[in-house]
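Working notes, beginning with the structure itself.
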Amino acid sequence: MRGDVILTPNTVNGYDPETVDSYEIGLKGALDRLTFSTAIFYNEYQDQQVTTQVPSGASIASFVDNVGSSTFYGAEFEGRLRILDNLSANFAVGYLHSDFEEFLRYNLTTMVFEDISDQVVLQNAPEWTGYLGFTWIGDVAGGDLAVTPSVSYRGDSSMFEFPNPVLDQQAYSVVDLSIVWTDPSDRFTLGLYGKNLTDEEYRVGGYNFPGALFDNSLIGYYGPPQTVTASLQVKF
């Protein structure tokens, strides 16, 4: 990554490998109509690499720092429940707790590294995520019709290590629906797919370059809006 040897002289030294000690224990199984998979994990990062952008003259200097260490742990549970012979539910839930133990940032004024771990968070690390979907399969016009409504949830998350209320994404949910019919010979498949049916607006990325030099540039990248598509598949 490019750096600025005047403002950030240590960039000429490059950066070190990032290492992680990872521990995980899981369990998979089946209980009558329920199949499931679960895991509990714990990770410790050392020499964690973080990409940083700072103003440099008339442009932006982008470089990688070994900022320090972080710890995060959590649990995941997912499964499938056969409610009826032709109706099943798929679900998943995840929990994540993350903290920086040390975050060293080069101070352009004092020319020394400072620990600012109390000011930063792990980027793109929502505490809770979830999914719930139902699939109904029935005989329609001699073929199999599968109808799958679903909703996915993602909790509050920060775009970057430094929280920014303008860019950071609040918790949101996305509703989808798919309707797929397959003819008895399994040669033709018709599909109708609805994505983000509630037309939820949510950011998946962004940048914020304040100040007159960058004309207070504020950029947001959003997920797809409400879309409906159809498909026809033919097997030869």
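Just so it is clear, none of the values below were taken in a lab; they were calculated from the coordinates. What you see is a predicted model; the values in this text were computed from it and never measured. All Cβ positions, glycine included, derive from the backbone under ideal geometry; neighbour counts span all protein chains shown.
So what's the gap between the Cα centers of region 114-190 and region 65-100, to the nearest angstrom? Cα centroid to Cα centroid, the span is 13 Å.
FRET efficiency for Val112 and Val5, Cβ-Cβ distance as r, R0 = 30 Å, nearest 0.05? Plugging the Cβ-Cβ distance into 1/(1 + (r/R0)^6) gives 0.95.
When you have a sec, figure out the Kirkwood radius of region 152-195 from all distinct Cα pair distances and drop it here in Å to one decimal? It would help to have the intermediate numbers written out before the result.
Numbers: mean 1/r = 0.0726 Å⁻¹.
Result for region 152-195, one decimal place: 13.8 Å.
Of the listed peptides 65-75, 222-232, what is their order by residue-averaged count of other C-beta atoms within 10 Å, with the highest listed first? Could the numbers behind the result be given before it?
Values: 65-75: 18.8, 222-232: 10.8.
For the peptides 65-75, 222-232, the packing ranking is 65-75, 222-232.
Over all alpha-carbon pairs in the chain, figure out the percentage whose distance exceeds 24 Å. Pairs farther apart than 24 Å: 63 percent. Loop-resident GluC sites (Glu not before Pro) (DSSP state other than H, G, I, E or B) in region 16-122 with no more than 16 further Cβ atoms inside 10 Å of their Cβ: Glu18. Averaged over residues, the count of other Cβ atoms within 10 Å places the peptides 174-187, 25-38 in the sequence 174-187, 25-38, highest first.
A dipole drawn for region 127-236 from +1 and -1 charges on Cβ atoms has a positive end, and of Ser150, Val166, Val228 the residue lying farthest that way is Val228.
Think of each Lys and Arg Cβ as +1 and each Asp and Glu Cβ as -1; about the Cα centre, that makes the dipole of the chain roughly 940 debye. The spread of Cα positions in region 105-236, taken along each principal axis and listed from longest to shortest, comes to 76, 30, 29 Å.
Here region 75-137 is described by how far its Cα atoms reach on the three principal axes: 69, 17, 10 Å, from widest to narrowest.
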